[in-house]
Amino acid sequence: MTGPRSAELFRRARDVIPGGVNSPVRAFRSVGGEPIFLARGAGARVWDVDGREYLDYVGSWGPLVLGHAHPEVIEAIREAAADGTTFGAPTEREVRFAELVRSAVPSLERLRCVSSGTEATMSALRVARGFTGRDRIVKIDGGYHGHADVLLVEAGSGAATLGIPGSAGVPADVARNTLVVPWNDLPAMRALFAAPEHRGKIAAVIVEPVCGNIGCVPPAPGYLEGLRELTREDGALLVFDEVMTGFRVAWGGAQARFGVRPDLTCLGKIVGGGLPAAVFGGRADVMAKLAPEGPVYQAGTLSGNPLAMAAGLKTLELLARPGTYERLETLSARLEAGLRGAAERAGVAVHLNRVGAMFTAFFAEHAVVDYATAKQSDTARFGRYFRAMLERGVYLAPSQFEAAFMSLAHTEADVDATVSAAASALAACSSAGA
Ligand code: KE4
């Protein structure tokens with residue numbers, strides 16, 4: 001049960017904001033109950049408006065890999081704000097930011113800043129279409145890349161099919177140009193590229209190189225390499241949506257971790273350091289198509305915003321320190337081992353996927369390797385587990401089909417406390433026959 005202030009705020013919010021939230025997943029619809037309203041965060045912890053404390057594994061859906069309100073990030077924002085909040089003109093910070101991002105992710109030969117992951121993926125696909133002169137896009141079943149029409153598309157019937165609208169308001173004509181293929185199914189992707197009706201018509205394949213929006217599902221060995229080979233042979237562009245994985249699973253993102261170089265990359269979340277900033281970029285010859293150099297239009301009032309650049313620069317500078325990703329791996333592996341042990345002792349079937357500091361515990365008897373197997377999870381039991389963890393002071397992502405995130409602010413003691421809470425929560429779930 002949420003506290004009285006959250007309940008009152010949710011009542012007021014629903015009177016003025018659709019669903020009472022500014023982004024649907026925040027409404028707790030898939031886990032039941034009403035959302036908690038948060039008031040403050042510091043390090044690995046957040047407090048709700050009723051003063052309740054939680055260990056936070058959402059981290060604002062990924063950005064807060066340093067934890068909440070990191071003093072050096074806050075100071076960088078404060079310092080930038082003192083000189084003004086936005087200019088709509090080029091500034092030194094965005095040049096330094098672009099140079100630092102490119103030094104970390106060398107495939108970004110040219111890059112442009114935008115204000116959200118949605119803008120980044122939408123823009124990347126437009127420049128891919130402008131560069132190739134082709135219209136079709138291929139996405140993964142269950143892949144989420146923000147809410148641009150071209151990407152709010154679901155699989156139709158059959159394996160690799162013309163997409164159908166994934167949301168009301170998306171015209172069938174738009175969805176028709178997006179093809180949908182299951183994750184980790186290279187034969188299906190090969191068949192799609194071999195089909196005469198698609199030959200020479202596919203502008204790009206866009207993937208999350210580690211799925212995070214069906215829950216965390218890694219690429220099968222050789223899968224990303226297969227996508228790289230197929231797209232290169234066909235002339236389609238390979239787009240890595242690293243909005244979640246960028247600077248999360250490695251300093252250079254999933255493309256560094258798995259050694260596959262895409263043609264275009266989208267970054268978000270962590271690169272903004274908790275403020276609205278995202279990036280798209282890649283091959284110089286492709287990005288040369290962008291206005292004002294080329295014919296592909298893309299723009300943004302607050303693109304490269306000075307405060308977001310300051311937060312992003314400081315965040316990346318701190319992440320660049322030696323030992324960062326080893327530390328994230330140590331903490332995440334400790335949590336994974338603890339949760340596996342707790343599930344075994346509680347006799348609850350849990351399949352845990354993890355890549356670095358992003359992970360998901362699926363309430364499933366089987367391996368989860370794609371959207372179809374993820375959907376076989378016991379989402380009702382996940383909902384009960386989520387609420388039981390919340391009652392025990394642990395804040396997880398309110399959906400079975402989301403990833404959880406470790407931060408550098410978490411400690412071994414926090415991880416061990418989380419495992420203890422999970423042991424109790426799993427026992428409560430299993431004993432209630434829940
Ligand atoms: P935004 O437009 O929300 O900044 O980014 C869209 C996006 C693009 N690509 C990937 C791989 C993403 O995960 C996202 C956004 N992620 C969701 C949850 N996984 C954000 C939470 C929300 O929608 O409220």
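Brief remarks on what is shown
- Any pair with Cβ under 6 angstrom, 6 or more apart, that starts in segment 248-271 at a residue that is closer than 15 Å to residue 207 by Cα and ends at one that is within 14 Å of the ligand (Cβ to nearest atom) and hydroxyl-bearing (Ser, Thr, Tyr): 253/245; 254/245; 266/121
Results for (1) closer than 21 Å to residue 407 by Cβ; (2) surrounded by 18 or more Cβ atoms within 10 Å (Cβ to Cβ), shown as yes or no for each residue.
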| site | (1), (2) |
| --- | --- |
| 3 | no, no |
| 15 | no, no |
| 24 | no, no |
| 49 | no, yes |
| 58 | yes, yes |
| 63 | yes, yes |
| 67 | yes, yes |
| 71 | yes, no |
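- Residues being within 24 Å of the chain's Cα centre (by Cα), of a type in the set (Asp, Glu) and modelled with pLDDT of 95 or more are entirely absent from segment 343-364.
- For residue 319, the criteria (1) in contact with a helix residue (DSSP H, G or I) (Cβ under 6 Å, 6 or more places away or on another chain); (2) surrounded by fewer than 22 Cβ atoms within 10 Å (Cβ to Cβ) hold in every case but one, which is (1).
- If you go through segment 86-95 and keep only what is under 27 Å from the mean Cα position of the chain (by Cα) and either among the small types (Gly, Ala, Ser) or surrounded by 13 or more Cβ atoms within 10 Å (Cβ to Cβ) (or both), you end up with 86, 93, 94.
- Residues of segment 275-289 satisfying the condition of being within 13 Å of the ligand (Cβ to nearest atom) and either closer than 18 Å to residue 104 by Cβ or in contact with a His (Cβ under 7 Å, 6 or more places away or on another chain) (or both): 277, 278, 279, 280
- Members of segment 119-148 found to be closer than 19 Å to residue 291 by Cα, outside any loop (DSSP other than H, G, I, E, B) and more than 11 Å from the ligand (Cβ to nearest atom), listed by number: 123, 125, 126, 127, 128, 129, 130, 131, 132
- Against the list (1) buried (at least 18 other Cβ atoms within 10 Å of the Cβ); (2) within 27 Å of residue 409 (Cβ to Cβ), the condition residue 20 fails is (2).
The values are calculated or read from the model by the stated rules, or taken from the named source; none is laboratory data. All values derive from a computational prediction rather than experimental measurement. No Cβ is skipped: glycine too gets one built from the backbone with ideal geometry, and neighbour counts run over all protein chains shown.
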